1. Taking θ as phi - 60°, what are the ³J(HN,Hα) couplings along segment 406-420 by the Karplus curve (6.51, -1.76, 1.60), each to the nearest whole Hz, with x for Gly and Pro?
2. For residue 124, list the lysines whose Cα falls under 16 Å from its own Cα; do not include residues on the same chain fewer than 8 positions away.
3. With label points built 7 Å along Cα→Cβ from the Cα atoms of residue 191 and residue 166, find their separation and express it in nm.
4. Using only Cα atoms, what is the ratio of the radius of gyration of segment 265-422 to 2.2 N^0.38 Å?
5. Solvent-accessible area of residue 408, probe 1.4 Å, all protein chains present, reported in Å² to the nearest ten, please.
6. For a quick check, take a GNM of the chain with Cα springs below 10 Å and name the residue from 176, 254, 133 with the largest mean-square fluctuation.
7. So for 16, 48, what's the accessible-area order with a 1.4 Å probe, most first?
8. Output the peptides 86-98, 231-243, 134-146 sorted from most to least packed, where packing is the average of other Cβ atoms within 10 Å over each peptide's residues.
Amino acid sequence: MSTVVVIGAQWGDEGKGKVTDFLAGDAQMVVRYQGGNNAGHTVVADGKEFKLHLIPSGILYPEKLCLIGNGVVLDPEVFIREIDGLAGRGISVKNLRISPRTHVIMPYHRKVDACDEERRGAGKIGTTGRGIGPAYTDKVSRTGIRMADLVDPESLAERLRASIREKNELFSGVYGTGGFDYDEVYNTYLKFGQRLSGFVADVSVLTNDAIREGRNILFEGAQGTLLDIDHGTYPYVTSSNPVAAAACLGAGVGPTKINKVVGVAKAYITRVGEGPFPTELMDGTGDYLREKGCEFGTTTGRPRRCGWYDTVIARYAARINGLDYLAITKLDVMTGLEVIKICTGYSYKGESITEFPATLRVLAECKPVYEEMPGWTGDITGARNFDELPVNARNYLNRISHLSGVPIALIGVGPGREETMVLEKLY
Ligand code: IMP
C-alpha cells in the first residue's frame, strides 16, 4: 500500500488534473484536501474532455472512493452543477463523500470577494472571484458555516442569521452596497443541504480506515506551492495551503501516514493573476507557449502568463514540500522551439541569489540567470519510453531534474491519459 500526495510545484495549472487522473488508476481512494472551485482540472479520458472544479479527478473511474476533506471550501451550487453535469454524461457520483467539517462558500462570500478586489484597485490580487478568500476568512474568524450545519436546518438557521446580519452591516457600512435577504438565502441553502446530506461522511475516518487496510490513496492538491498562503508570493496567493503538509490537516491524517510526495511542474512555467514572475516571456515565445499549450484558465478563461522553467522555484518547491519526485507535464508544447532557456538562479542588484526570496519587492527586482540548450523537433506525443524522446529533449529533462534536485517519475507528452511516460512507479 502507498499514500501519495500530488501537489503543484509552480503557480498552479501545472497539469495536476492529468497526473492525478493517471495515478488514480492505481489508487482505491482519491482525496481533495484544500482550495475550492478556484481550481480547475481538465482531464481527457477515452477521448472525452471533462472540466472539474471541485470533484476529485478519480470520479472518472467508477470504483474509486472520492473524498472532499475538511480543508476544502465547497460551493454547494457549483458542486450540484458539477455532479449533475457528470451524471448527465453517464459518470456515477455514488462514491463521492464530503466531510461534515468542510466549510461552505455562501453567496455573500462571492460578493465580498468582488467588493474587496474592487477596493484594491490597481493593487488587486486577481482572484478567481469564487468567494474562496472570504470563506476561509470566516473559517478562521469562527463564523463559517460547515457542511454539518448546511444539512441541519436548525444549525443552518442559527449560523446563517448571525452571518447575514454581520455581512449586511459590512455591505452597507463599508462597501456601500445592498446585502442579502435572510429568508431567501436560507430557503435556497436548506434545499442544497437536503440535496447534499447523503454525501456527508467522516472523511478522516474513511481515509484512516483505508490506510489501515493497506489501500493505495492519492491526495490531490489544488493550486500550487507559490500560491500557498504561507510559502507563496504573498499577498498574490490563494487563501489555503496548497503544499503537501496540508494533505494531513485537510483530510485528517497524521504526517506519519504519508509515503510519497510528487510535485507536478510544467516543462515551462505559467501564472495567472497579478504579481512578479522572473522568467515571464513577453515576446513571441510566450505567445507560442500560450497558444500551443492552450494556456487559458479552466476556471476563469483568463490568458496565462508564460515563462521559462525556473529551477530556483523548483528547488524551493522541493524543499517546502519534501518532494520525492517530479511529474513533468506538457513537454510536447516545447517541441519546435529552437533554443530553450533554463533559469538557474537570480541576479539581485548585482548579487547572485539561489534561494527563492520571501518578499515581492526583492522578487520583482530579480533578473533570471539562464542556461541555454538546443530544442528539438518532431512529434513526441507517441513516445512512451524515455529512449524514444529526441536526444535534446532527454538532455533538457535530465538537466532540469538535476538543477531541481529531484528525480522525474512521470512525463506528460500530450493531454490524453495514455500520453504519459512512467519512469518510476508510484504505487
Ligand atoms: P483565489 O484563490 O480566487 O482567492 O485567487 C487568489 C490567487 O490565486 C489569484 O492569483 C488566482 O489567479 C490564483 N489561483 C487560484 N486558484 C488557481 C488555480 O487553480 N490555478 C492557478 N491560479 C489560481
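The values are calculated or read from the model by the stated rules, or taken from the named source; none is laboratory data. Note that the structure is a prediction, hence the values are computed from the model and not measured. We place every Cβ from the backbone using ideal geometry, glycine too, and count neighbours over all the protein chains shown. Side chains included, ligands, DNA and RNA excluded: accessible areas come from the protein's heavy atoms. Shrake-Rupley method; radii C 1.70, N 1.55, O 1.52, S 1.80 Å.
1. In residue order, the calculated couplings are 9, x, 9, 9, 9, 9, x, 10, x, x, x, 4, 7, 7, 9 Hz.
2. Candidates past the 8-residue exclusion: 111.
3. For residue 191 paired with residue 166, the spin-label model returns 2.7 nm.
4. 1.02
5. Roughly 20 Å² of residue 408 is accessible to a 1.4 Å probe.
6. Looking only at 176, 254, 133, the biggest GNM fluctuation is shown by 176.
7. Highest to lowest solvent-accessible surface, that is 48, 16.
8. Working: 86-98: 15.0, 231-243: 23.0, 134-146: 18.7.
In descending order of packing, they fall as 231-243, 134-146, 86-98.
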